[in-house]
Amino acid sequence: MLENFSFRTIVEYLPLFGQGLITTVWLSALSFVGALAVGIVLSAMHLQRGWLFRVPAKAYIDAVRATPLLAQLYFLYFGLPRLGFILPELVVGILALSLNSGAYVAEIIRAGILSIPRGHAEAGVASGMTYVQRMRLVILPQAFKVTIPPLLGQAIVLVKDSALLSLISVAELTRAGQLLASDRFMPAEGFITIAAFYLMLYYCLKGLAALSGRWLGLAGART
Amino acid sequence: MIWQQLQSLVGSYPLAVRGLGMTVMLSLISLVLGTLLGFGLGVLRTGGNRLISTAIGTWVDLIRGTPFLVQIFLIFFILPELGVELDAFTAGIIALTNLAACFICEIVVAGIRSVPTGQVEAALASGLSRWQRMRQVVLPQAMRIVLPPLVGQYVLLIKDSSVVSAIGLTDLTRVGWLVVQRVPNGLLVFFLVGLGYFIVCYPLIMLARRLERRMGAAHGEVQL
Amino acid sequence: MIEFRGVNKWFGALNVLKDITLSVEPGEVVVVCGPSGSGKSTLIRCINGLETIRDGDLVVDGRRLGDPATNMTLLRAEIGFVFQSFNLYPHKTALENVTLAPIHVRKIQRAEAEKAGRELLAKVGLADKVNAYPAQLSGGQQQRVAIARCLGMRPKIMLFDEPTSALDPEMISEVLDVMVAVAEEGMTMMVVTHEMGFARKVAQRVVFMDAGAIVESGTPEEFFSDPKTDRSRAFLSKILRH
Amino acid sequence: MIEFRGVNKWFGALNVLKDITLSVEPGEVVVVCGPSGSGKSTLIRCINGLETIRDGDLVVDGRRLGDPATNMTLLRAEIGFVFQSFNLYPHKTALENVTLAPIHVRKIQRAEAEKAGRELLAKVGLADKVNAYPAQLSGGQQQRVAIARCLGMRPKIMLFDEPTSALDPEMISEVLDVMVAVAEEGMTMMVVTHEMGFARKVAQRVVFMDAGAIVESGTPEEFFSDPKTDRSRAFLSKILRH
Amino acid sequence: GTLDDITKRGELRVAVQTQGPPFSLVGAAGERTGSSVELAELMAKEMGVKITFLDFDWDGLIPALLSGKADLLVADMTPTLARGMKVAFTTPYMYTGSTVFTKADSKFKTTEDCKAKGTKIAVLLGATGEKEAKTAFPDADIKSYKGGGPLLLDAVNNGQADCGVNDISAVKGQSTAYPAGSFTIMPDLLSKEPLAFATRYDEPDLLVWMNLFLSQVSIDGRLQKNLDYWVNSDAWKKDH
Ligand SMILES: Nc1ncnc2c1ncn2[C@@H]1O[C@H](COP(=O)(O)OP(=O)(O)OP(=O)(O)O)[C@@H](O)[C@H]1O
Ligand SMILES: Nc1ncnc2c1ncn2[C@@H]1O[C@H](COP(=O)(O)OP(=O)(O)OP(=O)(O)O)[C@@H](O)[C@H]1O
Ligand SMILES: [Mg+2]
Ligand SMILES: [Mg+2]
């Protein structure tokens, strides 16, 4: 497959790859925002003392972590219509990715919050701050810094996972490669091009992580 | 109709058992190998040799940055052109082991870096050799940090193993695809597939949580 | 100002505070000392409710702790607490550390709070470190910021938990000097410390604890020259010897 | 036994050791003191190669550091180093901490090493803590295990970097007692400490450092009663005052 | 030549994709069967060697052939000219065509109805049906699915799509998993398309032999028997 490797065909398909790339990027971006929202809510629930919020949050997180995204996707895609919700594929896809990544994000945020020395929370208590003030002024700004690198790690996973949406007919990056493979029978060209694009996204996110780390490192403190 | 489908599903249970067996087998072998290799890479990466460390770092980036499907594809279909002919199972094991090793390498590196420098200095000061320092002092302590994310990573890798169905191994996910041909009810079939993974993965998640808690207790952390 | 009446506290099966009865008058400076694990930190942490007590009464500034009618957040605003490990907020500058609670808890205007904050920092000798982050300060400087942070709330009571024991020897005196100055302005203070020089200089009373109980209590002169119990004698001989 | 000749060390642009010349005879006990950041730790860390020097000569036990012919691992086995933060191996018991290096570096039989280890732990007063893990020991006990760990290698030189400054006041004396005992057996020692009582008792010489240079050096009597420089006078006044 | 290799090896390696009845499926007992599969077995029997099926995903099917893992590829594949640039197809052994199907009680009654703007049409990723749907229904909203024809039926049945477009034989075969009368299958075909087996261009001897095989079995009626059993009726249902 390599000796006849056809760059010309790749170039011919580039517009298609470009569209796929754009879809992948905005799809992942939206899903990541969703995942952050889900994650924040779940981690807040998980950190409560009472079981009423903690137990459901934990059950959800475990269930999501223990089952494949594929099963979750089908669960939403074929399950929701049974309940009478027929949503467009894109919405289902973004929902599935958000709900899935949200569970991982929740774990990351929780670990970040727990990593803040207890003394800082106590200093807040001792100066008469309420729970919300402590969280907002003392804990979260510090936790934010600790969570940035693992959050970007999760973003990388999410970008790659979004390939699964091609299963429910969302035309993203992986899909472009598969078209090249099925129309022209050029799988090597298709897959290697996809890999190159994903690698590019990976390095972008990694650069972003390094950059944000440095930026936050300047504003905050080296502890 | 559901009843009829369920009956039809029951008939497929030998296939499901085979698929689950394949998933477990693939995961087990490649996780054991990947763990060994990952620890080796992690130790080398923190070893201080710039060249080796950069080489490993680049490789880990390449693997983390590309879809696993593409990696399998390259190992199974492109390596033969370079004269390395592999059967599907071996190729799957190699691809999955490599993936596991790269992720585990990162975890091990973080663990090794978390060991206070004072510990290494104490070992250095009492004249332990490089290998002795690693073996006697650093790794046992790094394990506390490494274990919880390591077990968590196992869960992710078990789920990733489903990608090997692309090269013709009949694992649990593929059984799902096969069964859905006859029982065209994606919801039901993939719910059962999900259940299969849950049975394998959930104990590991519980283990990871317990390790995490034990580690937290050892470090004197308290919940907010 | 602070009144313990038969206070008991348990951690699980461990009785960390045993029948504590102690009262501190407004303007009084009390030094608490005793071996490690004797319950000194627990004692003063109870006062602003960082620990809760099981039985007995604890009345602070006229308000009973544990009483549902007592608003802890308001009470805490009246009590300054200085930790052994400073606990400055690492993501905020010295000035921001000092003004954070006044702005958000006391609802003071930012400009006004900053003015007061600068004055306080000047008072603890850090006029030039207003915009430094904690990591850019030495231990002694960090602890002085922590003291300024408490003073910024204009508390009626200040509590110190071994404020100098994490410091380099040279820096201890700069923090003690600030504490002496605060004491001399008439602040009610409870200080857990082994700095006996400080006790001699400003304390009206020294309280010696062992195994959760108050074993001895008296003026510094009495305590240092004529300790009453074997335990306090042994303790003093060890910490004063070198 | 230890000889610095014009040693310089830089961290980036910072000249942390400036032209150090110093020699320590076999059996001598030298106390190093000075303000924080003056380079005391760096000085003694150079001796067993935890830091490398840029120029000048440093000869330890007849071997030149930085010389390719010098086997650092062998040299380090001759030098004991006690850290401020103990640095015991948390996953090993007291006895295992003591026997690890003898077994793996000196290749002594396990049974024999354990026998020697028990004796050493008994010598530092911890015969009953042989199987305890570091987390189960108090700070003073941990530091005594750390000293026993060094002694287990039968070193020719012992280096101490502020061995008591992380300890509770009550525990300091138990560690100092062990150090005095070691000194009295004739060990060559360099000790970074601010415990002037210890310096008075066993040191033949006190070295005062400031900003990377040795500012003053003399017998304890000379140094305490009649410090030569302003800097050392100011320093002594601060650390002796309280 | 390749035929010599196969004889020496004693094994014919065939890549299949398990797309669903009637061409390639896994039976209730887990056995691999179907129209194409049986034809391949017949080929091996005529060659006098044993057969090994390599069962791939769509993603792996073509690479398996191109990389030489498999000698030939047996699937319900349309020999398009673009594909013919990469692999060598046999002469077609049967003709079929894409058809439109809807849920029985749907408001889409004819193929014409489906041409309305915004109709959601489910097709299989990479299948010829995908291309044809795009031409036949320019205003429709085409959704491509992966994973085989039965999922198209599932999508239509669940309401994610209004109509499906797939190979008529596949639709007929696969709809038998549902209660009779669940779907309306339009009688008109969008196209007539051939199905063929594929091999590589560097295996001319195998290609010649396969073509010979196809003409032999159509002459002696074995091909017709196979198609009658699998494709033109649902006689297979009771056996598998
Ligand atoms: N959160 C806790 N849970 C269980 N036990 C605790 C807790 N905090 C303190 N203790 C125990 O209570 C006892 C008293 O602790 P406390 O910190 O008050 O002592 P201390 O006199 O301040 O000692 P130190 O001088 O070491 O600070 C100790 O035995 C300690 O182990
Ligand atoms: N690894 C390092 N990199 C850069 N600078 C360093 C490093 N280690 C020490 N320094 C700097 O070198 C100087 C001397 O440090 P050193 O630890 O020797 O001081 P010290 O006298 O032991 O102080 P202390 O009493 O606080 O332990 C300090 O200014 C310190 O900030
Ligand atoms: Mg305390
Ligand atoms: Mg030092």
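The values are calculated or read from the model by the stated rules, or taken from the named source; none is laboratory data. In this text, all values refer to a predicted model and were calculated from it rather than measured experimentally. Glycine gets a Cβ as well: all are built from the backbone with ideal geometry, and neighbour counts include every protein chain shown. For accessibility, only protein heavy atoms count, side chains too; no ligands or nucleic acids. Shrake-Rupley method; radii C 1.70, N 1.55, O 1.52, S 1.80 Å.
Can you name the condition, by its number, that C:GLU216 falls short on among (1) open to solvent by 20 Å² or more (accessible area, probe 1.4 Å); (2) over 15 Å from the mean Cα position of the chain (by Cα); (3) among the acidic types (Asp, Glu)?
Just one mismatch for C:GLU216, condition (1).
Looking for whichever is out of contact with any Lys or Arg (no Cβ under 8 Å at 6 or more places or on another chain) and either within 16 Å of ligand 2 (Cβ to nearest atom) or open to solvent by 10 Å² or more (accessible area, probe 1.4 Å) (or both) here; the options are C:SER23, C:SER38. Which one fits?
Only one candidate qualifies: C:SER23.
Being among the polar types (S, T, N, Q) and more than 14 Å from chain A (Cβ to nearest Cβ) is the filter; apply it to the range B:17-66 and report the residue that is surrounded by the most Cβ atoms within 10 Å (Cβ to Cβ).
Within the range B:17-66, the first condition is being among the polar types (S, T, N, Q), and the residues that meet it are B:23, B:27, B:30, B:35, B:46, B:49, B:53-54, B:58, B:66.
Among the residues that remain, those that are also more than 14 Å from chain A (Cβ to nearest Cβ) are: B:30, B:35, B:46, B:49, B:53-54.
On the way: B:SER30: 26, B:THR35: 19, B:THR46: 21, B:ASN49: 12, B:SER53: 15, B:THR54: 11.
If we take residues in the range B:17-66 being among the polar types (S, T, N, Q) and more than 14 Å from chain A (Cβ to nearest Cβ), then B:SER30 is surrounded by the most Cβ atoms within 10 Å (Cβ to Cβ).
Filter the range B:1-46 down to the residues that are of a type outside the set (Ser, Thr, Tyr) and in contact with a Ser or Thr (Cβ under 7 Å, 6 or more places away or on another chain) and list them by number.
Result: B:ARG18, B:GLY19, B:MET22, B:LEU26, B:LEU33, B:GLY34, B:LEU37, B:ARG45.
Every residue, every condition in (1) within 13 Å of chain B (Cβ to nearest Cβ); (2) more than 16 Å from ligand 1 (Cβ to nearest atom); (3) open to solvent by 20 Å² or more (accessible area, probe 1.4 Å), yes or no:
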{"site": "D:GLU28", "(1), (2), (3)": "no, yes, yes"}
{"site": "D:ARG54", "(1), (2), (3)": "no, yes, yes"}
{"site": "D:ASP57", "(1), (2), (3)": "no, yes, yes"}
{"site": "D:THR73", "(1), (2), (3)": "yes, yes, yes"}
{"site": "D:ALA77", "(1), (2), (3)": "yes, yes, no"}
{"site": "D:PRO90", "(1), (2), (3)": "yes, yes, yes"}
{"site": "D:ASN97", "(1), (2), (3)": "yes, yes, no"}
{"site": "D:VAL105", "(1), (2), (3)": "yes, yes, yes"}
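Restricting the search to the range E:80-97, which residues are of a type in the set (Val, Ile, Thr) and either open to solvent by less than 50 Å² (accessible area, probe 1.4 Å) or touching a Phe, Trp or Tyr at 6+ places or on another chain (Cβ under 7 Å) (or both)?
E:THR80, E:VAL87, E:THR90, E:THR96
Scan (1) modelled with pLDDT under 95; (2) closer than 23 Å to A:GLY128 by Cβ for the single condition C:GLY12 breaks and write down its number.
With respect to (1) modelled with pLDDT under 95; (2) closer than 23 Å to A:GLY128 by Cβ, C:GLY12 is out only on (2).
Out of the range E:42-67, which residues are open to solvent by 10 Å² or more (accessible area, probe 1.4 Å), in contact (Cβ under 8 Å) with a residue 40 or more places away in the chain and facing chain A (nearest Cβ under 10 Å)?
Matches in the range E:42-67: E:TRP58, E:LEU66.
Collect the residues in the range C:93-106 that are over 23 Å from C:LEU50 (Cα atoms) and not hydrophobic (A, V, I, L, M, F, W, C), keeping them in residue-number order.
Once the filter is applied, which keeps residues that are over 23 Å from C:LEU50 (Cα atoms) and not hydrophobic (A, V, I, L, M, F, W, C), the range C:93-106 yields C:THR93, C:GLU96.
Out of the helices (runs of 4 or more DSSP H) lying entirely within the range A:1-105, which hold 2 or more residues that are touching a residue at least 12 places away in the same chain (Cβ under 8 Å), surrounded by fewer than 18 Cβ atoms within 10 Å (Cβ to Cβ) and away from every other protein chain (no Cβ under 13 Å)?
A:7-46
So which residues in the range D:143-168 are within 16 Å of D:GLU96 (Cα to Cα), touching a helix residue (DSSP H, G or I) at 6+ places or on another chain (Cβ under 7 Å) and of a type in the set (A, V, I, L, M)?
D:VAL145, D:ILE147, D:ALA148, D:LEU151, D:MET153
Take the residues in the range A:179-200 that are at the interface with another protein chain (Cβ under 8 Å from one of its Cβ atoms) and under 23 Å from the mean Cα position of the chain (by Cα); name whichever of them is farthest from E:THR80 (Cα to Cα).
A:LEU199
Mind listing whichever residues of the range C:147-193 are more than 11 Å from chain D (Cβ to nearest Cβ), open to solvent by 10 Å² or more (accessible area, probe 1.4 Å) and within 16 Å of ligand 3 (Cβ to nearest atom)?
C:ASP161
Go through the range D:39-51 residue by residue and tally those that are in a loop (DSSP other than H, G, I, E, B) and within 9 Å of ligand 4 (Cβ to nearest atom). Full working, then the answer.
Of the residues in the range D:39-51, the ones in a loop (DSSP other than H, G, I, E, B) are D:39, D:48-51.
Restricting the remaining residues to those that are within 9 Å of ligand 4 (Cβ to nearest atom) gives D:39.
Within the range D:39-51, residues that are in a loop (DSSP other than H, G, I, E, B) and within 9 Å of ligand 4 (Cβ to nearest atom) number 1.
Only residues that are open to solvent by 40 Å² or more (accessible area, probe 1.4 Å) and under 18 Å from E:THR184 (Cα atoms): list them for the range E:98-152, please.
E:LYS103, E:ALA104, E:ASP105, E:LYS107, E:LYS109, E:THR110, E:GLU112, E:ASP113, E:LYS115, E:ALA116, E:LYS120
Which condition from (1) surrounded by 19 or more Cβ atoms within 10 Å (Cβ to Cβ); (2) facing chain A (nearest Cβ under 10 Å) is the one that C:SER85 breaks?
Just one mismatch for C:SER85, condition (1).
Inside the range B:133-162, can you point out the residues that are over 20 Å from A:GLU107 (Cβ atoms), open to solvent by 20 Å² or more (accessible area, probe 1.4 Å) and within 13 Å of the chain's Cα centre (by Cα)?
Within the range B:133-162, B:SER162 is the sole residue that qualifies.
Suppose the filter is among the small types (Gly, Ala, Ser) and not in a loop (DSSP other than H, G, I, E, B); does E:ALA70 pass it?
No; evaluated as a whole, the condition is false for this residue.
Quick check, is B:LEU124 farther than 30 Å from D:ARG154 by Cβ and among the aliphatic types (A, V, I, L, M)?
no
Looking at E:ALA155, E:ALA177, can you tell me which residue is assigned to a loop (DSSP other than H, G, I, E, B), hydrophobic (A, V, I, L, M, F, W, C) and over 21 Å from E:THR80 (Cα atoms)?
None of the other options fit; the residue is E:ALA177.
Does E:LYS192 satisfy the condition of being under 24 Å from E:GLY34 (Cα atoms) and surrounded by 17 or more Cβ atoms within 10 Å (Cβ to Cβ)?
no
Can you tell me which residue is nearest to C:GLN84 (Cα to Cα) among those in the range C:124-141 that are in a helix (DSSP H, G or I) and open to solvent by 30 Å² or more (accessible area, probe 1.4 Å)? Before you say what the answer is, go through the steps one by one.
Of all residues in the range C:124-141, those in a helix (DSSP H, G or I) come to C:127-129, C:134-136, C:139-141.
Narrowing further to those that are open to solvent by 30 Å² or more (accessible area, probe 1.4 Å): C:127-129, C:135-136, C:141.
Numbers: C:ALA127: 23, C:ASP128: 24, C:LYS129: 21, C:ALA135: 16, C:GLN136: 18, C:GLN141: 13 Å.
Step by step, filter the range C:124-141, then rank; the result is C:GLN141.
Which pairs do you get when a residue that is within 12 Å of chain A (Cβ to nearest Cβ), found in the range E:157-168, comes within reach of a residue that is of a type in the set (A, V, I, L, M) and open to solvent by 20 Å² or more (accessible area, probe 1.4 Å), reach meaning Cβ atoms under 8 angstrom, with the pair 6+ apart or on two chains?
If the second residue must be of a type in the set (A, V, I, L, M) and open to solvent by 20 Å² or more (accessible area, probe 1.4 Å), the pairs left are E:GLY159/A:ILE86; E:GLN160/A:ILE86.
Which one is nearest to the other protein chains (Cβ to nearest Cβ) among residues in the range C:1-26 that are part of a loop (DSSP other than H, G, I, E, B) and more than 20 Å from C:LEU74 (Cβ to Cβ)?
Looking at the filtered set, the residue picked out is C:GLY12.
Would you be able to say whether some residue in the range A:149-166 is surrounded by fewer than 23 Cβ atoms within 10 Å (Cβ to Cβ), within 26 Å of C:PHE83 (Cα to Cα) and more than 14 Å from chain E (Cβ to nearest Cβ)?
No, the range A:149-166 has no match at all.
Collect the residues in the range A:106-131 that are of a type in the set (D, E, K, R) and within 14 Å of chain C (Cβ to nearest Cβ), keeping them in residue-number order.
Residues satisfying the conditions are A:ARG118, A:GLU122.
Checking the structure you have, find out if any residue of the range B:152-170 is within 14 Å of chain D (Cβ to nearest Cβ), without any contact (Cβ under 8 Å) to a residue 60 or more places away in the chain and under 24 Å from B:ASN98 (Cα atoms).
No, there is no match, as no residue in the range B:152-170 is within 14 Å of chain D (Cβ to nearest Cβ), without any contact (Cβ under 8 Å) to a residue 60 or more places away in the chain and under 24 Å from B:ASN98 (Cα atoms).
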